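Enquirer: If you scroll down you'll find the structure; I have some questions about it.
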Amino acid sequence: MSAPFSRRFDTNLRLAAGAAVLVLGAAGAVAAYLFHPRQLDTGYTPVQPVAYSHKLHAGNLGMDCLYCHTTVAEASYAAVPMTEICMNCHVRVKEKSPKLQPVRESYATGKPIQWVKVHRLPDYVYFNHRAHVNAGVSCVSCHGRVDQMTEVRQVQPLSMAWCLDCHRNPAPHIRPPELVTRLDWQPEGDPAVLGAKLIREKGIHPPDNCSACHR
């Protein structure tokens, strides 16, 4: 009995199948690149209910991060500043500015301003701000030069791989804890050398096991 298909047809079918596999593989690689957290989240810049400029406050005026984000060195979370903190200054500064009307209304009514969270982690991820800040990890390592941003945006992917890269090689990101909010600070010489020295002195051992972040 003769074969139902010719040898040439069989060869062409194999070539077509191989080409299809290559095309699908390439499409999968492109999709993985485009939908990777590095592409999806990096650059995220939500519109806030009040046009607050970190460049003006933290940069030009030199306000320390801890003045508004009061809990980062004491708690696992970074607190959004209460309206009262804003009004410590703005009862006298720009007290009639139309841009600050939502702040004045919040202060008068007691209803908090609905700030939009920029740096978001999944619910199944545990992150402790206090542990990182007190170890000497600067705000700039995760949030970038916020003091130069008119609108805060996400500059790092905050992915598991990105976190593990730092946990496995933390030295370049460690500085004296009292300098964590000095976003423009640069050490004399190689940051990794100073970081390695501080790691030895403080006995820092960043975990890289699953339970460190998934509890």
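Enquirer: For Val137, enumerate residues with amide H under 5 Å from its amide H, sequence gap 5+ or separate chain, H modeled in the peptide plane.
Expert: Arg175
Enquirer: Please order Val180, Val80 by the number of other Cβ within 10 Å, starting at the fewest. Present the calculation step by step, with values, prior to reporting the outcome.
Expert: Details: Val180 24, Val80 14.
If I rank by nearby Cβ atoms, fewest first, I get Val80, Val180.
Enquirer: Using a cut-off of 19 Å between alpha-carbon atoms, which lysines can reach Lys111, once sequence neighbours fewer than 8 places away in the same chain are excluded?
Expert: Candidates past the 8-residue exclusion: Lys99.
Enquirer: When Lys and Arg each count +1 and Asp and Glu each count -1, what net charge do the other residues less than 10 Å away from His54, Cβ to Cβ, add up to? Don't skip to the end; give the middle numbers.
Expert: On the way: positive: Lys55, Arg145; negative: Asp147, Glu151.
After counting each charged neighbour, the total is 0.
Enquirer: While we're looking at this one, here's another question. What is the gain in length, in nm to one decimal, between Val80 and Lys94 on full extension, counting 0.36 nm per residue of separation less the C-alpha to C-alpha distance?
Expert: Details: separation 14, 0.36 × 14 = 5.04 nm, distance 2.15 nm.
Contour length minus the Cα-Cα distance gives 2.9 nm.
Values in this text are rule-based calculations from the coordinates and carry no lab data. Bear in mind that the values here come from a model prediction, so they are computed numbers and not experimental data. Here Cβ is always computed from backbone atoms with ideal geometry, including for glycine, and neighbour counts include all displayed protein chains.
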